[in-house]
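Before any comments, here is the structure.
The values are calculated or read from the model by the stated rules, or taken from the named source; none is laboratory data. Predicted, not measured: the structure shown is a model, and the values here were computed from it. When we count neighbours, we look across all protein chains shown, and the Cβ atoms used for this are built from the backbone with ideal geometry, even at glycine. Calculation scope for accessible area: heavy atoms of the full protein, side chains included, ligands and nucleic acids excluded. Shrake-Rupley method; radii C 1.70, N 1.55, O 1.52, S 1.80 Å.
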Amino acid sequence: MTVTEIRALFPILDTPVYGKPLVYLDNAATAQRPQAVVDCWKELVEGANANIHRAVHHLAAQATDAYEGARNRVQTFLNAAAREEIVFTSGATASINLVAFSYGQVFVNQGDEIIVSTCEHHSNMVPWQMLCERKGAKLRVLEPNRDGLLDPAALSALLNEHTKMVAIAHISNVLGLVNPVKELVRIAHKAGVPVLVDGSQGVVHEKVDVQDLDCDFYAFSGHKIYAATGTGVLYGKRKWLEAMIPYMGGGEMIETVRFSGTTYAPLPMKFEAGTQNFNAVPTLVPALDFADAVRENPAVKAEQQAILDKVYSKLTEDKRITLYGTGKENKIPLFSFAVKGAHHEDLALILDKMGVAVRSGQMCAEPLMDHLGVTGLLRASFAPYNTVEEANYFLKSLDKAIEMLV
């Protein structure tokens, strides 16, 4: 497919905004959905709307097959060793909270330490803070290098006999830099410490092989990779999932229930209590099919590289602008920056009137903003359906917005 043909799969991209064509550059927050994902969800709602795993009637069987078929698809997408290592959640936030609670209850005690990086989304920071407060453990911080990348040597210096978990982002949602996750995992494992990777951005832009990375946990949200909202994935190595206690109790996660005691269902049901989002989870199948198709598409790769080169060059050459995350060789087409003399919210509002949708604010990364010495930034994040033409329009619109404010 050409990029033009890919765009045709996303009807929302034809939506006018204030009489101008929509240029959607807030993809790091939520990606748009191709028609195949919308059709999948609609088909399940209209034709197979029944609770899963429980009843024997036809609709329930259809819904169960679609739900479990999605688990098989995620397993192959991540190259997990077994389908039982794939747990469905409501998103990356729920996945990380699950690990922080269930792993933490078993393996973390007073005086232990958890390592997170300065560059983390709040969702890969606050759950570990809560765990540390609950257990009397200590949160230690891995600082990025000058370019914004996580440094394996710096991680090695933090590890000790008290470290129980390292939690890091595959790609920073602010800096757009691909961290050396495989090497970070190797360093942590050398010290006997498991690693959780927040793959919310990584799974979109990188080919993820969890066995090759050797990470112990990998979490991502469906809505960032073209699937329905309210869908999330937690990959966990079987040895950890087997040893962890359930996060929630209720239907589906049980084997037997007695007042004398309850036993739990085998993986992955042990961590999927209650009625699951059975209409939405199967949309991961067409979403991941699309992600696979565009990731190695030569036309898309060329367009994305051209966008990266163009926008990076313009933003770094403009003396009015400070771009954060400047290691270009490790960068995805995601750009967070500040403009001297202009507030990021004002710029975002003006760009919106020009039809350009960008993110402004702290991007759920307040400690990173403090580290950078800013109160907020403007972020433009590109997807495979974005074009060089849109990048040029964004840059021209940004220049106009700056001239209006400075």
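Summary table
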{"quantity": "Residue ID - nearest to PHE217 (Cα to Cα), chosen from residues in the range 239-265 that are hydrophobic (A, V, I, L, M, F, W, C) and in a strand (DSSP E or B)", "calculated": "ILE254"}
{"quantity": "Test: GLY199 is touching a strand residue (DSSP E or B) at 6+ places or on another chain (Cβ under 9 Å) and open to solvent by 60 Å² or more (accessible area, probe 1.4 Å)", "calculated": "no"}
{"quantity": "Odd one out for ASN145 among (1) over 18 Å from the mean Cα position of the chain (by Cα); (2) within 14 Å of GLY199 (Cα to Cα)", "calculated": "(2)"}
{"quantity": "Filter pass, GLU84 being at pLDDT 95 or above and out of contact with any Ser or Thr (no Cβ under 8 Å at 6 or more places or on another chain)", "calculated": "yes"}
{"quantity": "In the range 341-360, the residues that are open to solvent by 10 Å² or more (accessible area, probe 1.4 Å) and not hydrophobic (A, V, I, L, M, F, W, C)", "calculated": "GLY341, HIS343, HIS344, GLU345, ASP346, ASP352, LYS353, ARG359, SER360"}
{"quantity": "Sole exception among (1) at positive phi; (2) crowded, with 24+ Cβ neighbours inside 10 Å for CYS364, by number", "calculated": "(2)"}
{"quantity": "Qualifying positions in the range 177-187 - over 17 Å from THR118 (Cβ atoms) and touching a residue at least 40 places away in the same chain (Cβ under 8 Å)", "calculated": "none"}
{"quantity": "Among (1) surrounded by fewer than 24 Cβ atoms within 10 Å (Cβ to Cβ); (2) at negative phi; (3) modelled with pLDDT of 95 or more; (4) in contact with a helix residue (DSSP H, G or I) (Cβ under 8 Å, 6 or more places away or on another chain) - the single one ASP147 does not satisfy", "calculated": "(3)"}
{"quantity": "Whichever residue in the range 102-119 is out of contact with any Lys or Arg (no Cβ under 9 Å at 6 or more places or on another chain) and either outside any helix (DSSP H, G or I) or not β-branched (Val, Ile, Thr) (or both) and, among such residues, is farthest from ALA157 (Cα to Cα)", "calculated": "SER102"}
{"quantity": "Failed item, numbered, when THR326 is tested on (1) in contact with a helix residue (DSSP H, G or I) (Cβ under 6 Å, 6 or more places away or on another chain); (2) within 18 Å of GLN201 (Cβ to Cβ)", "calculated": "(1)"}
{"quantity": "Search result, residues across the range 152-185 that are crowded, with 20+ Cβ neighbours inside 10 Å and part of a loop (DSSP other than H, G, I, E, B)", "calculated": "HIS170, SER172, ASN173, VAL174, LEU175, GLY176, ASN179"}
{"quantity": "Residue satisfying all of: in the range 238-296; among the basic types (Lys, Arg) and open to solvent by 50 Å² or more (accessible area, probe 1.4 Å); farthest from VAL210 (Cα to Cα) among these", "calculated": "ARG258"}
{"quantity": "Filter pass, VAL204 being open to solvent by less than 10 Å² (accessible area, probe 1.4 Å) and either in contact (Cβ under 8 Å) with a residue 40 or more places away in the chain or touching a strand residue (DSSP E or B) at 6+ places or on another chain (Cβ under 7 Å) (or both)", "calculated": "no"}
{"quantity": "Some residue of the range 19-40 being over 27 Å from ILE171 (Cβ atoms), open to solvent by 30 Å² or more (accessible area, probe 1.4 Å) and either touching a strand residue (DSSP E or B) at 6+ places or on another chain (Cβ under 9 Å) or assigned to a loop (DSSP other than H, G, I, E, B) (or both)", "calculated": "yes"}
{"quantity": "Matching residues, the range 108-160, being in contact with a Leu (Cβ under 8 Å, 6 or more places away or on another chain) and of a type in the set (Ser, Thr, Tyr)", "calculated": "SER117, THR118"}
{"quantity": "LYS42 vs. criteria over 24 Å from the mean Cα position of the chain (by Cα), farther than 17 Å from VAL203 by Cα and in contact (Cβ under 8 Å) with a residue 40 or more places away in the chain", "calculated": "no"}
{"quantity": "Top-ranked residue in the range 42-70 [being among the hydrophobic types (A, V, I, L, M, F, W, C) and assigned to a loop (DSSP other than H, G, I, E, B); ranked as farthest from ILE254 (Cα to Cα)]", "calculated": "ALA48"}
{"quantity": "Any strands (runs of 3 or more DSSP E) falling wholly within the range 294-406 and containing at least 1 residues that are within 19 Å of the chain's Cα centre (by Cα), farther than 21 Å from PHE10 by Cα and of a type outside the set (A, V, I, L, M, F, W, C)", "calculated": "334-339, 359-361, 377-381"}
{"quantity": "The range 120-139, residues that are open to solvent by less than 60 Å² (accessible area, probe 1.4 Å) and touching an Asp or Glu at 6+ places or on another chain (Cβ under 6 Å)", "calculated": "ASN124, ALA137"}
